[in-house]
Amino acid sequence: MNAGDHRPGLYVELPLDESGRARLRELGSGPVWFAEPGAVSAADDRALAGADIALGNPEDARVAEAPRLRWLQPASVGIDTFKIRARGHEADEVV
């Protein structure tokens, strides 16, 4: 696979019904992984670690362990509740 062939992976940790899940699958061109909020598993952790985009509110420690993650879209209005430790920065620094 060439670098230009990469299809961004989407990790979703939102309480969606099947029609909502189907809609996200239709919109994306890459793999989509759905995790149940509050009941995440080791498989969910691996999916988040390999995702480019995450929707929902995964725990900040899990986000910090997601090296490919480029876009986090929280389910909340702001990201005040997240203490994301960007590589080389402390949790309370603005990056």
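Every number here is computed from the coordinates shown, using simple stated rules; none is lab data. Owing to the predicted nature of the structure, the values given are computational and were not obtained by experimental measurement. Counting neighbours? That spans all protein chains shown, and the Cβs are built from the backbone with ideal geometry, glycine included.
The table below gives the values:
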{"item": "Whole-number Å³ per residue for the convex hull built on Cα positions in region 1-67", "result": "88 Å³"}
{"item": "Order by protection proxy (mean Cβ within 10 Å, highest first), peptides 48-56, 61-69", "result": "48-56, 61-69"}
{"item": "Extended-chain gain in nm, criterion 0.36 nm per residue less alpha-carbon gap, residue 73 and residue 25", "result": "15.6 nm"}
